[in-house]
Amino acid sequence: MTTESMNECKPKNCHQASASGGAVYGLGLIGAAVYFISQATTFWIGVLGFLKALVWPAILVFEALRALRA
């Protein structure tokens, strides 16, 4: 190992990336919850809508991968 490769991970040389995926998921969750709850006709359908809002990204990824035959 060279001195340069050993120094790569020191804090002053490392670049950290921010986790913006969490923000996108959060905004998607809020938007989906507002949509599903606004379409609800009863309280329990609203609760079901909130639960749908929690899992819609997983369903979206599953369907996308299935469409790509991955």
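The values are calculated or read from the model by the stated rules, or taken from the named source; none is laboratory data. Here the structure is a predicted model, which is why all the values come from computation and not from measurement. Every residue, glycine among them, receives a Cβ derived from its backbone with ideal geometry; neighbour counts consider all protein chains shown.
Quick notes on this structure:
- Among (1) surrounded by 11 or more Cβ atoms within 10 Å (Cβ to Cβ); (2) modelled with pLDDT under 90; (3) not aromatic (Phe, Trp, Tyr) - the single one Thr3 does not satisfy: (1)
- Phe36 in contact with a helix residue (DSSP H, G or I) (Cβ under 8 Å, 6 or more places away or on another chain) and aromatic (Phe, Trp, Tyr): yes
- Breaking point among (1) modelled with pLDDT of 90 or more; (2) of a type in the set (A, V, I, L, M); (3) exposed (fewer than 11 other Cβ atoms within 10 Å of the Cβ), for Ala33: (3)
- So Gly22, is it within 24 Å of the chain's Cα centre (by Cα) and modelled with pLDDT of 90 or more: no
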